[in-house]
There are 2 protein chains.
Amino acid sequence: MPSVRKLASTLGVSPFTVATSYERLASRGIVVSRAGSGYFIARTVHPPVREAPLSAPRSQPSNALGFVRSVVDPSSHALAPGSGFFPREWMEDALPPAVVGRLLRGEASFAVPAPALGTLEFRQQLAIKLAALEINVSPSQIITTFGATHAAQLICRKLLQPGDPVLIEDPSYMVQQAQLLDAGYRLLPVPRRHDGPDLDILEKLAREHRPRLFFTQSVLHNPTGSTTSPAVSFQLLSLADRYNFFIVEDDVFGDILDRPAVRLASLDNSRRVFYVSSFTKALSPALRVGYIVSPPEHVEALVDAKILGVLGGSALQESLVTSVLKTGRYRVHLAGLQRRLHKARSVALRSLTDIGIAFAPEPMDGLFLWGEVPRHVDVDKLMADTFEHGILLTQGTMFSPTGSFARHFRFNAGLCLDPKVLSLLRSACRPT
Amino acid sequence: MPSVRKLASTLGVSPFTVATSYERLASRGIVVSRAGSGYFIARTVHPPVREAPLSAPRSQPSNALGFVRSVVDPSSHALAPGSGFFPREWMEDALPPAVVGRLLRGEASFAVPAPALGTLEFRQQLAIKLAALEINVSPSQIITTFGATHAAQLICRKLLQPGDPVLIEDPSYMVQQAQLLDAGYRLLPVPRRHDGPDLDILEKLAREHRPRLFFTQSVLHNPTGSTTSPAVSFQLLSLADRYNFFIVEDDVFGDILDRPAVRLASLDNSRRVFYVSSFTKALSPALRVGYIVSPPEHVEALVDAKILGVLGGSALQESLVTSVLKTGRYRVHLAGLQRRLHKARSVALRSLTDIGIAFAPEPMDGLFLWGEVPRHVDVDKLMADTFEHGILLTQGTMFSPTGSFARHFRFNAGLCLDPKVLSLLRSACRPT
């Protein structure tokens, strides 16, 4: 290439302009710079490639890993009426790229790492947020993570040994089950009722197996949409005391509920509950920011596990969420999200019910509709037919450690109303 | 509180202004909003708290976890002349909060999650960056992570079982050793020479123990600053073939070197080398963005481990780094960093040598100076004295799986010239 000085004078522009342009070309791999000798055309130019998905699935994904991979794969072009993410259009207002700069402008510096627990400003803001749920904690009990899955991994690493028994709801979040199985723990399934876990069975399992942990979602349980009643919450904590187990309360959907609900963490006062949440669901799936509220005596062990696994958190992500919380932007976004969800949910419920899909009579809420197709439906055929049309269904078995719920499906209230989806469901459910 | 409408009319401002102000107060925990009934003063107001550090250390941290916690603790006010991070002032230009917005403005949306491997644009940009190092890979071999520590964790989970032997350099990065020990692997220390690992000992260990992995830093090895020679690199890969082990090549400091250097990954062609790097060191410690370049047959297993551990990456962080790379900003920042480092390094080397600290005669480079205090120095007293003055020293034993190097220290070229540090070192090294 011509020298920077020469090209600048030829074009009548400043050398800075030319140097910047050369650097951009170098960053794209089009030219290479050699110290002291200038810029040269690169031998090979790398055109942007279109990428094949990871081994493309040949049928409906039947497990958590397959499902997650497909749902986040932009090249799959599949419809996922059971996705765990909010519809894209509902989230565009939350964190538009153009406002990220404004939200960060007050931040001091990205030239230093985050403290081991997470940035203090973020943990203070979280403590304020939690106080509104009557969860009263000190910022020094909060450990930031890269989302709720990461939070659960840290807790397990510190509290469990491979082979240990763990209580988990049936049905429940499939990725949580996959994580526990992958780490070598033994799952003890506790049936989930409309008002929380089945305490009789839970007690029987606790007495027999003496598990150290119980994983539960008190508010807007995934996939059923149920919320644990105050009475069941209280009894559950009593059982935890009697049988000496800890509880991981996963509250990733809690912010979506537009009315008060009791969290185990608000009753427990940081004795037996690890409260876990994140901003991936309600704020932005492009962020990975979550946190654990831990009983004080376990904080240091969790911090050690965090350092040994990922070294530290992202101060940039944490600053961004702090600002979203502090400016009130999060609350405004949530209010809009709740309005949209409310409307979409009642339409979806009606449409699916009309088709013949059955829902529990108890009031459920949130992003998911947990419905059962009639007995006469050939579910395998439905799975195959929908897959052929590029539709990923979320069959109930995926959520069940006992392989139950074969006729249940998790529907996403905002994504299940696609005409193709409804028409395939309708013909499958038609009485024969 | 007065109703929104009422206060707006009293003050003669728009209801929107009042509602926004109320929401900000609510986000700070000063008022609470109750749906349908308005805003109320919160019962308790949470003042920002100053936080005590995690259990404050009572002596120099002697292990990786204690050191990392202290170095990233903003409340400790300690000087860390052996820190692994660049001086704050050297990094302020790289990612000022005010330019983050500009860098992200072109991005499509943060309303969708990142694909399982990482965003395609980022992996394409990484492939271009790697091609400049003669590492020719497809974006589909690249898996993004939350930094290099996270990358190493994923590789270990997929390739090793607890109890497995692992080859590691002596000395080497202390957090890597701590991570391996915590996961239950057995360390096989290989002495690090000025031109790379000691291949005779490595071969002996490989023959006897049949390890599956070797962890190494080819370029700007931590803590010695040495770079593996092409000849040693070639022989190392031959040994990997002969004894059937994989190599994790950690290149987190590579971008800081201002001259070409051979990476194992460029010779190996994705057969036996997992190449790992990150942007935490050279771009911003407030980011946690790293990646693995994997042999193709291990990509899917690594993706599964990533999903089960953290669900996915941060599309926001990845977009930001993509933009920093694409605009040429990263290369401009690196050039400045290299200039500063070059200058600081020679001054630091001279000052420490004058004090009596000895350095290997072979040329070393990068952020670290690996020096040895004279035999007569009472190292325990030096450690205690400096700790009393709020100075964290980084003693060689911390880097050694054999507990060697008690008289060695790792110095950070940009942070060791503090007068208090130099004066304490000088009096400790003074001939008796």
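Read the figures in this text as sums done on the coordinates, not as results from a lab. Keep in mind the model is a prediction, meaning the values are calculated, not measured. As a convention, Cβ positions derive from the backbone with ideal geometry for all residues, glycine included, and neighbour counts pool all protein chains shown.
The distance from the alpha carbon centre of the range B:338-391 to that of the range B:63-102 is 20 Å, rounded to a whole number.
Each Lys or Arg adds one and each Asp or Glu takes one away; over the other residues whose Cβ falls under 14 Å from the Cβ of residue A:220, this sums to -3. Determine, at each q value in 0.12, 0.16 (inverse angstroms), the log₁₀ of I(q)/I(0) that the Debye formula gives when each Cα of the range B:266-402 is one equal point scatterer. The computed values of log10 I(q)/I(0) come out as -0.82, -1.11. Build a GNM of chain B with springs between Cα atoms under 10 Å apart, and of B:142, B:41, B:128 the one that fluctuates most is B:41. For chain B, the 222 nm mean residue ellipticity estimated from helices alone, with every DSSP H stretch of n ≥ 4 adding -39500 (n - 2.57) and the total spread over all residues, rounds to -12500 deg cm²/dmol.
Past 23 Å, Cα to Cα: identify those pairs from B:129/B:281; A:158/B:158; B:204/B:306, in the order given. Long pairs (Cα-Cα over 23 Å): B:204/B:306.
List, in order, the whole-Hz ³J(HN,Hα) value for each residue of the range B:94-110 obtained from phi through the Karplus relation with A = 6.51, B = -1.76, C = 1.60 and θ = phi - 60°; use x for Gly and Pro. Working through the residues one at a time gives 5, 8, x, x, 5, 8, 4, x, 4, 5, 8, 4, x, 6, 5, 5, 10 Hz. Relative contact order, whole percent, for the range B:114-327 stands at 29, derived from Cα pairs under 8 Å and 6 or more residues apart. Counting only Cβ charges, +1 for Lys and Arg and -1 for Asp and Glu, the dipole size of chain B around its Cα centre is about 1280 debye. Pairs of Cα atoms nearer than 8 Å and 6+ residues apart set the relative contact order; for the range A:86-153 it is 24 percent. Averaging the inverse of every distinct alpha carbon separation and then flipping it gives the Kirkwood radius. What is it for chain B, in angstrom units? About 24.0 Å, per the Kirkwood formula over Cα pairs. What percent do you get for the relative contact order of chain B when only Cα pairs under 8 Å and 6+ apart count? 21 percent.
On the beta carbon distance between residue B:194 and residue A:381, with R0 = 56 Å, the FRET formula returns roughly 0.25. Taking amide hydrogens as placed 1.01 Å from N in the peptide plane, the amide H of residue A:170 sits under 5 Å from those of A:190, A:192, each at least 5 positions away in sequence or on another chain.
All Cα-Cα separations within the range A:327-432 were binned at 5 Å from zero, giving a P(r) of 2, 11, 21, 23, 18, 11, 6, 4, 2, 1, 0, 0, each value a whole percent of the pairs.
The alpha carbons of the protein assembly as shown stretch over 87, 68, 56 Å along the principal axes, in descending order. The string of couplings for the range B:175-183 from the Karplus curve (6.51, -1.76, 1.60, θ = phi - 60°) is 5, 4, 4, 4, 4, 5, 5, 4, 7 Hz, one whole number per residue in order, with x for Gly and Pro.
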